[in-house]
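Novice: Submitted below is the structure of interest, expressed as structure tokens.
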Amino acid sequence: MDIFRIFDISASGLTTQRLRMDIIAQNIANINTTRTEAGGPYRRKVTVIQENQNSKPFSQYLSESRETFTGGGVKVVEVKEDLSPFKRVYNPEHPDADEAGYVSLPNVDTLKEIVDMISATRSYEANVTVFNATKNLAMKALEIGR
Amino acid sequence: MFKDVKVLEKALDAVWLRNQVIANNISNVDTPGYKRYDVHFEEQLNSAMKRMDNRRNSTSNGYKQKTRSSVEEVEPKIIRTYGTTMRPDGNNVDIDVEMSNLAKNVVQYNALIQKLSRQFQRMKTVIQEGRR
């Protein structure tokens, strides 16, 4: 059994949570952005997270009859845009106001982003704990027979 | 001579596998639709050891049966628990349960390592005492 697979699994968790944090930070930074390159206000971005299955060639299945666990951690599949409607605020003096005087602001809700940020932080810490515990176990295993 | 060591070895392998499974569960704590994995091997190991004892006790005609094979056949089984979803995104990983399982696992691993070390030390002592 591959002894270092657990480190890869935990590292994939750390990377995923960090990417989530990056996206959250971008959302909060752009909370008032009314102009983007695509025109229109900034759209909130969301990460799509999926379990990472280890893809192995079939021959490896035959040789590794004992190894039945194919878990490979987690990965971010894509960064999608949230399609919920923009916020509309009445502000005729704004340079991006339309004919009726309404400005479309990004569909980013600060509270939701903060809650997501807390969840990502906690998940990150949990992954760090697993990493440290596994490292201690592996070092302990070196002490057999000493 | 190494029968006890084999049992401990099996247990250590299973505990390490459980560690891997817990790591996978924790890294997927936010993944929608993910169902947690678990490792079952304690009951199998117990029943295999009971069978071993029964076989040993029942050799009345002096014929020593192969008592080791049952323990060697025990393999840890990975199961996926599909029920117990508590969240709307279909994920059934409870971070508190996983962290407490991790702590239990660490203690179990350390205890097994210590037993294994002591077993070897005992063998070494026996060999050395016999030299005198």
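Novice: May I ask for the accessible area buried between chains A and B, both sides summed, probe 1.4 Å, to the nearest 100 Å²? Walk me through the numbers before you get to the answer.
Specialist: On the way: alone 10370 and 9260 Å², together 16690 Å².
When A and B are taken together, about 2900 Å² of accessible area is lost.
Novice: Taking the Cα atoms of the stretch A:72-146, report the difference between the largest and smallest coordinate on each principal axis, in whole Å and largest first.
Specialist: For the stretch A:72-146, the Cα extents along the three principal axes come out at 81, 22, 17 Å.
Novice: Which angle from 0 to 90°, rounded to the nearest 10, does the C-alpha axis of helix B:42-57 make with the longest principal axis of chain B?
Specialist: Here the helix axis deviates by roughly 20 degrees.
Novice: Mind checking the angle between helix A:5-29 and chain A's longest principal axis? C-alpha axes, 0 to 90 degrees, to the nearest 10.
Specialist: The helix A:5-29 is inclined about 10 degrees to chain A.
Novice: Shifting gears a bit: Could you please state how large a percent of the accessible area of the protein assembly as shown is carbon and sulfur, counting protein chains only and using a 1.4 Å probe?
Specialist: Numbers: 9070 of 16690 Å².
Whole-percent figure for carbon plus sulfur exposure: 54.
Novice: A drop of at least 40 square angstrom in accessible area, chain alone versus all protein chains together, probe 1.4 Å. Which residues of the stretch A:1-37 meet that?
Specialist: Those residues are A:Met1, A:Ile6, A:Ile9.
Novice: Could you pull out every residue, at least 5 positions away or on a different chain, whose amide H is within less than 5 Å of the one on A:Lys87? Hs are placed 1.01 Å off N in the peptide plane, and Pro or chain starts have none.
Specialist: A:Leu105, A:Asn107
Novice: Sticking with this one: What angle, in degrees between 0 and 90 and rounded to the nearest 10, separates the Cα long axis of helix A:110-141 from the longest principal axis of the Cα atoms of chain A?
Specialist: Relative to chain A, helix A:110-141 is tipped by roughly 10 degrees.
Novice: Roll a 1.4 Å probe over the protein chains and send me the accessible area per residue for the protein assembly as shown in Å². Could the numbers behind the result be given before it?
Specialist: Working: 16690 Å² over 278 residues.
Per residue, the protein assembly as shown has an accessible area of 60 Å².
Novice: From the cross-link list B:Lys6/B:Lys50; B:Lys77/B:Lys104; B:Lys3/B:Lys124; A:Lys135/B:Lys124, which pairs have alpha carbons spaced over 26 Å apart? Intermediate values should be presented prior to the final figure.
Specialist: Values: B:Lys6/B:Lys50 15 Å; B:Lys77/B:Lys104 19 Å; B:Lys3/B:Lys124 16 Å; A:Lys135/B:Lys124 29 Å.
In this structure, A:Lys135/B:Lys124 lie more than 26 Å apart at Cα.
Novice: Going Cα to Cα from B:Lys35, which aspartates and glutamates come in below 16 Å? Please leave out same-chain ones fewer than 8 positions away.
Specialist: Reachable aspartates and glutamates: A:Glu51, B:Asp89, B:Asp94, B:Asp96, B:Glu98.
Novice: Shifting gears a bit: With a 1.4 Å probe on protein heavy atoms only, tell me which residues of the stretch A:124-146 lose at least 40 Å² of accessible surface in the complex relative to the chain by itself.
Specialist: In the stretch A:124-146, residues shielded by partner chains: A:Ala126, A:Val130, A:Leu137, A:Lys140, A:Ile144, A:Gly145.
Novice: Cut-off 19 Å, label point 7 angstrom out along Cα-to-Cβ of A:Ile31: give me the residues of the stretch A:103-133 whose amide nitrogen falls inside.
Specialist: Only A:103-121 pass the distance filter.
Novice: Using the Karplus curve 6.51 cos²θ - 1.76 cosθ + 1.60 with θ = phi - 60°, what ³J(HN,Hα) values do you get for each residue of the stretch B:6-22, in whole Hz, with x for Gly and Pro?
Specialist: Each residue's phi maps through the Karplus curve to give 5, 4, 5, 4, 4, 5, 4, 4, 5, 5, 5, 4, 4, 4, 4, 5, 5 Hz.
Novice: Restricting to DSSP H runs of at least four residues, report the calculated mean residue ellipticity at 222 nm for chain B, -39500 (n - 2.57) per run over all residues, nearest 500 deg cm²/dmol.
Specialist: On the way: 4 runs with 83 residues, N = 132.
Helices in chain B give a 222 nm mean residue ellipticity of -22000 deg cm²/dmol.
Novice: Let me ask something else about it. So what J values fall out for the stretch A:45-52 if you push phi through Karplus, 6.51 cos²θ - 1.76 cosθ + 1.60 with θ = phi - 60°, rounded to Hz, Gly and Pro as x?
Specialist: Values per residue, Gly and Pro as x: 9, 9, 8, 9, 9, 9, 5, 9 Hz.
Novice: Under 5 Å between amide hydrogens, which residues at least 5 positions from A:Lys45 or on another chain qualify, with H placed 1.01 Å from N in the peptide plane?
Specialist: Under 5 Å from the amide H of A:Lys45 lie the amide H atoms of A:Asp82, each far enough along the sequence or on another chain.
Novice: Compute the Cα gyration tensor for chain B, then decide on rounded, prolate or oblate, letting a ≥ b ≥ c be the square roots of its eigenvalues: rounded whenever a/c is under 1.5, prolate when a/b is larger than b/c in the other cases, and oblate in all that remain.
Specialist: Details: a/c = 4.40, a/b = 1.91, b/c = 2.30.
Because a/c hits 1.5 or more and a/b fails to exceed b/c, chain B counts as oblate.
Novice: With n ≥ 4 as the cut-off for DSSP H runs, can you work out [θ] at 222 nm for chain A, using -39500 (n - 2.57) per run divided by the number of residues, rounded to the nearest 500?
Specialist: Details: 3 runs with 63 residues, N = 146.
Rounded to the nearest 500, the figure is -15000 deg cm²/dmol.
Novice: Sticking with this one: Can you sort A:Tyr90, B:Tyr37, A:Tyr124 by solvent-accessible area, 1.4 Å probe, largest first? Intermediate values should be presented prior to the final figure.
Specialist: Working: A:Tyr90 140, B:Tyr37 30, A:Tyr124 70 Å².
Largest accessible area first, the list is A:Tyr90, A:Tyr124, B:Tyr37.
Novice: Dividing the alpha-carbon Rg of chain A by 2.2 N^0.38 Å yields what? It would help to have the intermediate numbers written out before the result.
Specialist: Values: Rg = 22.6 Å, N = 146, 2.2 N^0.38 = 14.6 Å.
Here the answer is 1.55, to two decimals.
Novice: Inverting the mean 1/r over all pairs of different Cα atoms, compute the Kirkwood radius of the protein assembly as shown and quote it in Å. List each step's numbers first, then the result.
Specialist: On the way: mean 1/r = 0.0440 Å⁻¹.
Every distinct Cα pair counted, the radius reaches 22.7 Å.
Novice: Multiplying the sequence separation of A:Glu125 and A:Tyr90 by 0.36 nm and subtracting their Cα-Cα distance, what value in nm do you get?
Specialist: On the way: separation 35, 0.36 × 35 = 12.60 nm, distance 4.23 nm.
Separation in residues times 0.36 nm, less the Cα-Cα distance, equals 8.4 nm.
Novice: Would you tell me the accessible area of A:Ile3, worked out with a 1.4 angstrom probe on the heavy atoms of the protein chains, in Å² to the nearest 10?
Specialist: 80 Å²
The values are calculated or read from the model by the stated rules, or taken from the named source; none is laboratory data. Everything numeric here is computed off the predicted structure, so don't read it as measured data. Heads up, the Cβs are rebuilt from the backbone with ideal geometry, glycines too, and the neighbour counts pull from every protein chain shown. Only protein heavy atoms, including side chains, enter the accessible area calculation; ligands, DNA and RNA are left aside. Shrake-Rupley method; radii C 1.70, N 1.55, O 1.52, S 1.80 Å.
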